[in-house]
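Asker: My questions will all concern the structure given below.
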Amino acid sequence: MQLKLYDTLTREKRVFEPIDPKRVRMYVCGPTVYDFAHIGNARPVIVFDVLFRLLRHLYGEQHVTYVRNITDVDDKINARAAERGISIRELTEDTYKNFKDDVAALGCLEPTVEPRATEHIEEMKTLIDRLVASGHAYVAEDHVLFSVPSMQDYGRLSKRPLDDMIAGARVEVAPYKKDAMDFVLWKPSKPGEPSWPSPAGIAAEGRPGWHIECSAMSWKHLGETFDIHGGGIDLVFPHHENEIAQSRCAFHTGTMANYWMHNGFLQVEGEKMSKSLGNFVTIRESLERWPGTVLRFQMLKTHYRQPIDWTRKSTETAALELGVFENFTQFVGDRPGELPNELIDALADDLNTPLAISVLHKLAEECRKSGDPWSKAACDLKASCKFLELDLSNVSHRKIYERQHGKIDEDKIKRLVDARAVARTKRDWKESDRIRDELAAMGVVLKDSKDGTTWEIAR
RNA sequence: GGCCACGUGGCGGAGUGGUUACGCACCGGUCUGCAAAACCGGGUACGCCGGUUCAAUUCCGGCCGUGGCCUCCA
């Protein structure tokens with residue numbers, strides 16, 4: 001088995017070879033903490049959590065370092081804090097806490113390091129000074145700008161030849177830029193905005209541009225060159241392109257990260273998720289209706305590079321499938337299980353989670369055939385679900401029903417079931433069916449067997 | 001306008017130059033007072049038009065459609 005990952009830079013699947021197998025290093029762009037995270041934000045978090053787990057499995061838990069940053073300095077943050085009349089620190093702390101809770105509910109491990117932009121201002125300034133010193137950046141009107149023409153092969157990641165970009169650009173070019181493509185490394189702060197002493201000999205205080213933080217934080221925690229850099233596909237340009245430019249030019253290396261991985265975008269009910277359409281789905285509100293496992297599973301049912309149409313129906317189907325797994329594994333307890341090779345192979349093939357899930361279904365099929373609640377297949381299924389962190393403890397129809405409709409009245413159901421049993425012994429089918437209909441209206445379905453009647457919540 | 005993806009059966013969704021993905025739904029059966037659940041069995045696919053090939057859903061070209069990036073964005 002060998003791990004293969006699709007690399008956006010080379011546009012091909014390549015065998016993964018870590019720089020140092022004793023210290024595999026991955027950096028993923030994390031949230032800007034100004035509002036509840038939405039289901040689209042959840043995608044990279046879940047996808048790279050699976051990769052993190054796989055890497056830990058392959059290289060050992062102690063040998064993988066996963067860095068996911070927190071962006072806590074940003075215009076949107078400033079605006080939102082002012083809007084809510086709270087301090088920036090309050091807003092970012094509060095939002096970060098919510099994010100942390102949300103992704104924990106989605107079954108994601110905490111990254112090894114979760115660095116904050118505001119705690120890496122010194123590293124950013126160091127990088128900026130280096131870039132200025134080496135002629136890759138310049139100062140203009142208290143800004144520091146990266147000089148894109150100073151880097152020969154700028155645009156390789158996004159496959160954007162410089163000429164084309166300039167021709168197609170619809171950005172208004174700031175007058176102090178030497179070149180239309182140059183981007184901000186540092187900018188002066190307006191009154192009331194967060195500010196720090198500036199680099200590059202600028203007297204006025206300022207704050208960092210967006211891209212420099214990731215170059216600084218990945219450098220600090222992973223070094224000049226590392227193994228994997230991930231994020232949403234929308235970050236390819238300009239964010240990752242600019243990170244590459246900053247890091248490579250600051251360190252005079254040809255490579256920032258050896259594998260660039262990008263997850264696909266997500267739509268909601270066939271439409272782009274946007275505030276104007278009012279179809280923003282936050283993780284928080286989804287978790288009110290569904291266990292995190294269902295959302296995680298729904299996400300993993302699609303390969304990470306494919307687009308996902310996030311629909312109510314697919315959430316329901318995901319819950320249904322997990323209910324089957326729960327059913328077959330409910331008696332396993334602590335019995336150990338093995339991970340099928342096919343499961344690991346599927347994941348090792350560029351994180352083919354849909355194929356991995358088909359392995360789970362095959363195990364479920366074996367459980368069905370064996371008829372033994374403690375079968376090896378059941379143990380393996382449980383272990384496999386655990387490996388993907390599919391927590392089955394909250395996915396039964398009943399638990400989901402209660403989450404959505406409140407606690408069910410068990411005593412009332414029992415009374416009705418008993419009344420129906422009496423009617424049935426009298427062969428009073430009319431009354432018996434009437435009671436069954438009444439229960440059905442409450443979402444309860446009955447199962448008659450030789451040993452009596454059991455009930456459960458309808459799917 | 002420039003660049004980049006994607007288009008598989010009713011739905012979701014892998015994959016492959018020739019042989020069953022898988023799941024959900026659906027249909028038939030067993031069971032049942034009738035049901036339900038469960039179990040057994042079943043069918044349907046590869047956007048359109050060309051090309052390459054003994055053979056294409058799979059490779060190449062064109063077209064159409066959808067989405068993304070080029071501005072904050074996962």
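The values are calculated or read from the model by the stated rules, or taken from the named source; none is laboratory data. Quantities reported herein were computed from a predicted structural model and do not represent experimental measurements. Note that each Cβ is placed from the backbone with ideal geometry, even for glycine, and that neighbours are counted across all protein chains shown. With ligands, DNA and RNA removed, areas are computed over all heavy atoms of the protein, side chains included. Shrake-Rupley method; radii C 1.70, N 1.55, O 1.52, S 1.80 Å.
Asker: Between region A:185-215 and region A:118-135, how far is it from one alpha carbon centroid to the other, in angstrom?
Answerer: The two parts, judged by their Cα centres, are 11 Å apart.
Asker: In region A:284-395, with Lys and Arg counted as +1 and Asp and Glu as -1 at Cβ, which of these residues, A:ALA383, A:THR353, A:ALA318, has the Cα nearest the positive end of the dipole, that is, farthest along it?
Answerer: Positive-most Cα among the choices belongs to A:ALA318.
Asker: Please compute the length gained on full extension between A:GLU83 and A:ASN341, using 0.36 nm multiplied by the number of residues separating them and subtracting their Cα-Cα distance.
Answerer: Working: separation 258, 0.36 × 258 = 92.88 nm, distance 5.30 nm.
Net length gain for the segment: 87.6 nm.
Asker: List the pairs from A:LYS76/A:LYS275; A:LYS382/A:LYS414; A:LYS399/A:LYS430 whose alpha-carbon separation is above 20 Å, in the order I gave them.
Answerer: Listed pairs above 20 Å: A:LYS382/A:LYS414; A:LYS399/A:LYS430.
Asker: Taking the simple approach of a point 7 Å from Cα along Cα-to-Cβ for both A:ARG156 and A:TYR176, what is their distance in nm?
Answerer: Placing both labels 7 Å beyond Cα along the Cβ direction yields 3.1 nm.
Asker: State to the nearest 20 debye the size of the charge dipole of region A:408-457 about its Cα centre, where the only charges are +1 on K and R beta carbons and -1 on D and E beta carbons.
Answerer: Taking the Cα centre of region A:408-457 as origin, the dipole is about 260 debye.
Asker: Farthest toward the dipole's positive end in chain A, which of A:THR329, A:PHE251, A:ILE121, given Cβ charges of +1 (Lys, Arg) and -1 (Asp, Glu) about the Cα centre?
Answerer: A:THR329
Asker: Here's another thing I want to ask about it. Using the Cα centre of chain A as the reference point, and only Cβ charges (+1 on K/R, -1 on D/E), how large is the resulting charge dipole? Debye, rounded to the nearest 20.
Answerer: 1240
Asker: Along the positive direction of the dipole of region A:4-266 (beta-carbon charges: Lys, Arg +1; Asp, Glu -1; about the Cα centre), which of A:ALA140, A:TYR59, A:PRO199 reaches farthest?
Answerer: Of the options given, the answer is A:TYR59.
Asker: Region A:48-83 to region A:387-459: how many Å between their Cα centroids?
Answerer: 44
Asker: Could you name the aspartates and glutamates whose alpha carbon sits less than 18 Å from that of A:LYS190, not counting residues in the same chain fewer than 8 places away?
Answerer: A:ASP72, A:ASP74, A:ASP75, A:GLU83, A:GLU141, A:ASP142, A:GLU205
Asker: Sticking with this structure for a sec: Within chain A, what's the longest run with no GluC sites (Glu not before Pro) in a DSSP loop and at most 16 other beta-carbon atoms within 10 Å? Give the range, please. Could the numbers behind the result be given before it?
Answerer: Numbers: sites that count: A:GLU141, A:GLU172, A:GLU205, A:GLU224, A:GLU269, A:GLU338.
Here the longest run is A:1-140.
Asker: Quick one: dipole size for region A:1-93, taken about the Cα centre, charges +1 on Lys/Arg Cβ and -1 on Asp/Glu Cβ, in debye to the nearest 20. Don't jump to the answer; show the numbers that get you there.
Answerer: Values: 15 positive and 13 negative charges, 90 e Å.
Approximately 440 debye in magnitude.
Asker: Relative contact order for region A:408-457: what percent, with Cα pairs under 8 Å and sequence separation of 6 or more?
Answerer: For region A:408-457, the relative contact order is 26 percent.
Asker: Probe of 1.4 angstrom, ligands and nucleic acids ignored: what's the accessible area per residue over chain A, in square angstrom?
Answerer: Computed with neighbouring chains in place, this is 47 Å² per residue.
Asker: Per-residue ellipticity at 222 nm for chain A, helices alone: DSSP H runs ≥ 4 residues times -39500 (n - 2.57), over residue total, nearest 500 deg cm²/dmol?
Answerer: Rounded to the nearest 500, it is -14000 deg cm²/dmol.
Asker: What FRET efficiency, computed as 1/(1 + (r/R0)^6) with R0 = 22 Å and r the Cβ-Cβ distance, is obtained for A:ARG289 and A:ASP433, rounded to the nearest 0.05?
Answerer: 0.10
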